């Protein structure tokens with residue numbers, strides 16, 4: 001079979017899989033599904049009201065004609081960006097594929113359809129169930145790293161130097177819960193080895209392949225009813241402590257709304273209270 005036929009077949013299969021199965025296995029959750037995801041995050045990662053963790057991954061591609069510099073990233077290879085949000089079981093609940101490799105995580109997020117969805121849905125996301133903080137209701141949130149801007153719906157680590165004990169606890173708990181998105185990307189590259197080298201197609205075709213791979217990963221998780229064995233999960237919990245005390249790069253706090261900072265402080269107080277503290281946070285935040 002010649003290269004043209006193979007390429008055409010891959011395109012057709014990718015299109016059919018996405019059009020027929022994405023609505024079932026990779027669609028934006030409704031409010032009830034958000035509640036279910038938040039419950040699972042609390043059970044597995046001890047972090048309430050979380051509906052997903054966000055991160056980006058550079059997908060290698062061959063140099064596109066006449067636009068190479070746009071796709072050349074800081075890691076010194078050509079790429080498109082896969083922006084993903086994963087639930088507590090390392091299942092993608094949202095993906096955005098195709099941003100230029102040269103863009104930062106924060107830049108690709110603000111240009112993504114996910115960003116506009118969250119901005120449009122903010123009023124809805126502020127009406128979840130309450131958690132044990134004197135019955136106070138808190139919004140649904142997603143968890144990001146220091147590359148993202150603090151929002152009422154997006155929590156990131158405290159970025160100041162000389163963090164207090166309470167702030168280190170919060171950073172640890174956030175880092176610990178965020179391992180699920182890193183695990184999701186890890187499973188993706190381990191299972192689909194095409195992603196370990198450059199995808200040698202046109203950019204548009206590469207985007208379709210990546211979307212289809214994410215969909216297939218969700219289908220496998222849905223059919224098998226599991227993501228990874230407990231030993232891997234426990235390893236992730238232990239590894240999470242390595243990142244908790246990092247003084248992440250400082251950002252201007254003037255860009256954050258008071259509402260977003262109040263919400264982060266509320267979570268900080270909650271994690272440092274007797275109702276939510278876990279033994280591992282004392283070991284990490286105290287070092």
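The values are calculated or read from the model by the stated rules, or taken from the named source; none is laboratory data. Predicted model, so just to flag it, every value in this text is computed and none were measured. Note that each Cβ is placed from the backbone with ideal geometry, even for glycine, and that neighbours are counted across all protein chains shown.
Only one of the numbered conditions (1) at pLDDT 80 or above; (2) over 19 Å from the mean Cα position of the chain (by Cα); (3) surrounded by 14 or more Cβ atoms within 10 Å (Cβ to Cβ); (4) within 30 Å of residue 163 (Cα to Cα) is violated by residue 203, and that is (4). Set side by side, the residues 77, 92, 71, 41 differ, and just one is modelled with pLDDT under 90 and buried (at least 20 other Cβ atoms within 10 Å of the Cβ), which is 71.
Per-residue answers, yes or no, for (1) in contact with a strand residue (DSSP E or B) (Cβ under 9 Å, 6 or more places away or on another chain); (2) farther than 29 Å from residue 156 by Cα; (3) modelled with pLDDT of 90 or more:
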{"residue": "177", "(1), (2), (3)": "yes, no, yes"}
{"residue": "197", "(1), (2), (3)": "yes, yes, yes"}
{"residue": "208", "(1), (2), (3)": "yes, yes, yes"}
{"residue": "219", "(1), (2), (3)": "no, yes, yes"}
{"residue": "240", "(1), (2), (3)": "no, no, no"}
{"residue": "243", "(1), (2), (3)": "no, no, no"}
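Of the strands (runs of 3 or more DSSP E) lying entirely inside segment 5-119, those containing at least 2 residues that are touching a residue at least 24 places away in the same chain (Cβ under 8 Å), more than 27 Å from residue 197 (Cα to Cα) and within 16 Å of the chain's Cα centre (by Cα) span 50-60. If you filter segment 125-148 down to residues that are surrounded by 15 or more Cβ atoms within 10 Å (Cβ to Cβ) and more than 14 Å from the chain's Cα centre (by Cα), you find that the one that is modelled with the highest pLDDT is 140.
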